[in-house]
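Novice: Here it is, the structure, as structure tokens.
Read-outs throughout are calculated quantities, based only on the coordinates presented, and are distinct from any laboratory measurement. Keep in mind it's a predicted model, so treat the numbers as computed, not measured. Using ideal geometry, Cβ is built from the backbone for each residue, glycine included, and neighbour counts are taken over all protein chains shown.
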Amino acid sequence: INNTVLESVDIERLKEIDRKHFFHPTSLVKQHKEGPSMIFTEGNGIYVKDAYGKEYIDGVSTLWNVNVGYGREELAEAAKQQMTKLAYGSSFYNFSHEPVIHLSEKLASLTPGDLNVFFYTSGGSEANDSAIKLARHYYKLKGKPEKTKVISFQGGYHGITIGTTGATGIQEYKDMTTSNPPNFFHAKPHLLNCEKGDKTDPDYSESIRGIIEREGADTVAAVILETVVGVGGVLVPPEGYLKAVRELCDKHDILMITDEVICGFGRTGTMFGVENWDVVPDMMSLAKGITSGYIQLGAVAFKESIRDEIIDLSGDNFFFHGFTYSGHPTACAVALKNIEIIENEELVGNTKRLESVMMKGLKYLEENHKVTARSRGIGLMGGIELLADRDLGKEFDSSANAAVTVVDECIKRNVILRALTFGGKNIVPLAPPLIINEQQLETIFEVLSESITAFEKTL
Ligand code: PLP
């Protein structure tokens, strides 16, 4: 990165304007009084630079999304060409345009099984909202209008629209709304034995199977779960779990929706997360890595058989669901180029190769610090917990600010990471751009280790 550094008087002015006029998404509210702590100005590869000219490694691909890294002129060029040719085109009714057609064909060649039909949105929340509406609509068309309930994970994250706040299982996100939308239920994640039918397990009533039995399968439309839980703490499903959920959904005629908003496009070392466990859901939501964050796009992939039934059962009826920016031509053109980069540069293979470095780094942290525990990960998606007493599994008091302090220490040392602090937990996730190399990944671990040591010294 070699652009000029802003004058400090200009930086102070930007901060002041931000403080006065910009309300930040997902933010600590009192920080609005202070203005931003960092103003990003540039990015290149795995690095981003702030207004003072300080350069950082982006250890979390910003919001788990910049898979191909920053500064990709090919993506800017693809956007420019499309904007110049056809800046916008609706695909409402029976209109269409080239980028949305080409992207749909490309995605169909990549997605598992017969997940060959795509509905487009501008991001992950809209994709999950659409998947849930589609599931309910599907059963209504099939003469089962009472099948409306949706089961997701406690601690799962599916977005922040009113509908997806229902599916999201993190209480902090729900606290903003006065009531949870009806017909959303939350199961404990990854209860393998329960989902296989072990009713003696004390958690059985909180399993997906237990909830289906209690509510009645004829009232449940869908199970929606993240293939690997991200924001809720990087939880990798145990072997056999997704297959057990697939069988459960098949048995009860319930649609299985996997949220691949983070896992999709290489993050776990396969193009889509479900491929690690050889499972084909009925629907899959996509966003983030579909354009590596260069432009807003999301999608719901669903089975051809579901599309065919919807068409057969709809008769002369309209499909009253579409966004102005569904299948935006520029977003689709950028997605196509982004997928071309992922394929040409073998970024899925790079992610798979670096998985062992990620796991080794996490193990090192766990074995060499007093406050670290429960490291886990897959591909280039890892997480480590900070515990006050790991033998007793005791969490830090919130006043210790454990994960936030560690992350602040990392930022001082030029590595950007993120603190996940829901439900009193302190988890530091890692999700660098998929273009990272072994040495750069090791640098992140060195910095994280030094930062944990710095935090330990404060105790
Ligand atoms: N699903 C998952 C698994 C996510 O991690 C996110 C965002 O972090 C979303 C859905 C929501 O996506 P968006 O923020 O694009 O609406």
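Novice: Within a 10 angstrom radius of the beta carbon, how do K363, K30, K106 rank from fewest other beta carbons to most?
Specialist: Fewest to most other Cβ atoms nearby, the residues stand as K30, K363, K106.
Novice: OK, next. Over the C-alpha atoms of the stretch 74-344, what are the Rg and the largest Cα-to-Cα span, Dmax, in Å?
Specialist: For the stretch 74-344, the Cα radius of gyration and maximum Cα-Cα distance read 18.3, 63 Å.
Novice: Quick one: net charge around S285, please, counting Lys, Arg +1 and Asp, Glu -1 for every other residue with C-beta under 11 Å from its C-beta.
Specialist: -4
Novice: Each residue of the stretch 393-399 in turn: what ³J(HN,Hα) in whole Hz from Karplus with 6.51, -1.76, 1.60 and θ = phi - 60°, glycine and Pro shown as x?
Specialist: Karplus values, whole Hz, x for Gly and Pro: x, 7, 6, 6, 5, 4, 5.
Novice: With θ set to phi - 60°, apply the Karplus curve 6.51 cos²θ - 1.76 cosθ + 1.60 along the stretch 421-435 and write out the HN-Hα couplings as whole Hz, x wherever there is a Gly or Pro.
Specialist: Rounded to whole hertz, the list is 10, 6, x, x, 8, 10, 10, 10, x, 10, 7, x, x, 6, 8.
Novice: Let me ask another. Taking neighbour counts of Cβ atoms within 10 Å as a proxy for exposure, in what order, fewest first, do M256, M359 appear?
Specialist: Starting with the residue having the fewest Cβ neighbours, the order is M359, M256.
Novice: In terms of modelled amide H atoms, which long-range or inter-chain residues lie less than 5 Å from the amide H of S375?
Specialist: E385
Novice: For the chain, just the Cα atoms, rotate onto the principal axes and tell me the three extents in Å, largest first.
Specialist: Largest to smallest, the principal-axis extents are 63, 62, 44 Å.
Novice: Tell me which aspartates and glutamates have Cα within less than 12 Å of K133's Cα, excluding those fewer than 8 residues away on the same chain?
Specialist: none
Novice: Moving to a separate point now. Got a sec? Which residues in the stretch 416-459 would a label at N344 touch, if it sits 7 Å along Cα→Cβ and we count backbone N under 16 Å?
Specialist: Within reach of a label on N344, which here means backbone N under 16 Å from a point 7 Å along Cα→Cβ, the stretch 416-459 contributes 435.
Novice: Same structure, new question: Antiparallel DSSP bridges in the chain: what percent, to the nearest 5?
Specialist: 65
Novice: Here's a follow-up. Can you tell me, using C-alpha contacts under 8 Å and at least 6 residues apart, the relative contact order of the stretch 74-344 as a whole percent?
Specialist: Relative contact order, the stretch 74-344: 29 percent.
Novice: Roughly speaking, what is the centre-to-centre gap between the stretch 28-42 and the stretch 335-411 when only Cα atoms are used, to the nearest Å?
Specialist: The stretch 28-42 and the stretch 335-411 have Cα centres spaced 25 Å from each other.
Novice: Taking θ as phi - 60°, what are the ³J(HN,Hα) couplings along the stretch 54-61 by the Karplus curve (6.51, -1.76, 1.60), each to the nearest whole Hz, with x for Gly and Pro?
Specialist: Coupling constants for the stretch 54-61: 7, 10, 10, 7, 8, x, 10, 6 Hz.
Novice: Right, another one. Among the lysines, select those whose C-alpha is under 30 Å from the C-alpha of K370, and discard any that sit fewer than 8 residues away in the same chain.
Specialist: K370 reaches K188, K352, K360, K394, K412, K425, K457.
Novice: Among N193, T177, S292, whose Cα lies farthest out toward the positive end of the dipole of the chain, if unit charges sit on the beta carbon of Lys, Arg (+1) and Asp, Glu (-1)?
Specialist: Highest projection toward the positive end goes to T177.
Novice: Let me ask something additional. Check which residues have an amide H placed less than 5 Å from G298's amide H, if you skip close sequence neighbours.
Specialist: T121, S122, G123
Novice: Next question, about the same structure. Need the full-extension length gain, L313 to D218, defined as separation in residues times 0.36 nm minus the C-alpha distance. One decimal, nm.
Specialist: So the chain would gain 32.3 nm between L313 and D218.
Novice: Sticking with this structure for a sec: Can you tally the net charge around L14? Count Lys and Arg as +1, Asp and Glu as -1, for every other residue whose Cβ sits under 15 Å from the Cβ of L14.
Specialist: Once positives and negatives cancel, what remains is -3.
Novice: If you don't mind, another one. At a Förster distance of 35 Å, what's the computed FRET efficiency of A76 paired with K142, Cβ-Cβ distance as r, to 0.05?
Specialist: That gives a FRET efficiency of 0.20.
Novice: Here's something else I'd like to know. So what is the relative contact order for the chain, in percent, with contacts set as C-alpha pairs under 8 Å and at least six apart?
Specialist: Value for the chain: 20 percent.
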